[in-house]
């Protein structure tokens with residue numbers, strides 16, 4: 001094995017590790033929901049995924065997440081919050097609110113009905 005082979009293999013492994021870190025291991029701090037009249041509220045755009053995909057809220061306060069679906073992909077037709085027993089159909093071009101009050105601190109997932117779009121709700 002030549003030095004060039006070793007450099008190419010090492011570079012490929014390094015780039016592979018970078019891709020894994022970027023797509024699966026990196027995490028953002030999340031976006032805090034704004035408090036409006038005692039309700040923590042945030043708009044989530046649905047287009048190729050959820051933006052923002054990490055939302056931070058406070059425990060024990062009502063939450064209203066307004067989902068705005070801006071695409072026609074069948075995967076984005078619904079959003080599910082299994083830990084809060086909430087789900088909603090998301091018609092294209094319509095803002096759909098989902099409301100609940102988180103009582104437990106922790107990280108909770110939300111997703112489309114196919115599990116391809118995923119997000120996190122962090123309750124502090």
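Listed values, structure above:
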quantity	calculated
Residue list for the stretch 81-95, restricted to those being surrounded by fewer than 17 Cβ atoms within 10 Å (Cβ to Cβ) and within 16 Å of the chain's Cα centre (by Cα)	82, 83, 86, 87, 88
Matching option when the condition is touching a helix residue (DSSP H, G or I) at 6+ places or on another chain (Cβ under 6 Å) and surrounded by 13 or more Cβ atoms within 10 Å (Cβ to Cβ), among 75, 112	112
Some residue of the stretch 69-78 being within 20 Å of residue 30 (Cα to Cα), at pLDDT 95 or above and part of a loop (DSSP other than H, G, I, E, B)	no
All positions within the stretch 37-68 that are more than 16 Å from residue 118 (Cβ to Cβ) and either modelled with pLDDT under 85 or in a loop (DSSP other than H, G, I, E, B) (or both)	37, 38, 58, 59, 60, 61, 62
Breaking point among (1) out of contact with any strand residue (DSSP E or B) (no Cβ under 9 Å at 6 or more places or on another chain); (2) within 17 Å of residue 123 (Cα to Cα), for residue 59	(1)
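The values are calculated or read from the model by the stated rules, or taken from the named source; none is laboratory data. What you are looking at is a predicted structure, and each value in this text was computed from that prediction instead of being measured. Quick reminder, even Gly has a Cβ in these numbers, built from the backbone with ideal geometry, and neighbours come from all protein chains shown.
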